[in-house]
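The structure under discussion appears below in the form of structure tokens.
Laboratory data are not the source of any read-out in this text; all were calculated from the coordinates shown. Owing to the predicted nature of the structure, the values given are computational and were not obtained by experimental measurement. Heads up, the Cβs are rebuilt from the backbone with ideal geometry, glycines too, and the neighbour counts pull from every protein chain shown.
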Amino acid sequence: MKANGKCLCGSVELEVEMGNAEMAACHCSMCRKWSGGPMMGLETSETLIISGESSVSRYHSSEWADRGFCVNCGTHLFYHLKPNNQYHIPVGLLDIDAEIDFSHQIFIDEKPRYYSFSNETKNMTGAEVFAHYEGEE
């Protein structure tokens, strides 16, 4: 399934190929600091076409990941998991007609008490997330 999106100012446009229509919420402290709340993202394949790359800044938030944003308007564009060359795109950034399934939450052990989702999801702690990705290498 393909989806398109662009930042607030229109300087950066994304075209992504999604393997599925599953959305995850990440509650880690970095995602919450970056987005002001949990990162609600869609996992994409390695195929990400970026138009307006000169307006994209990549912040190396860890040895395994980058976070991309528009230098003009600040829109969060992606979380890039370097070992797998996998991109996670904020769901609100994309124009999607398909039904999205809120399937899982990660770093559930870091979720603050002041919010809670009613959806039934698979929940993983930070340790479970790291163990999962180490198994994919």
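The table that follows gives values for the structure above.
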quantity: Protection proxy ranking, peptides 88-97, 22-31, average beta carbon neighbours within 10 Å, highest first; calculated: 22-31, 88-97
quantity: Per-selection metrics, region 18-96 (Cα): Rg and Dmax in Å; calculated: 11.9, 31
quantity: Nitroxide proxy distance, nm - points 7 Å out along Cα→Cβ at residue 62 and residue 100; calculated: 2.2 nm
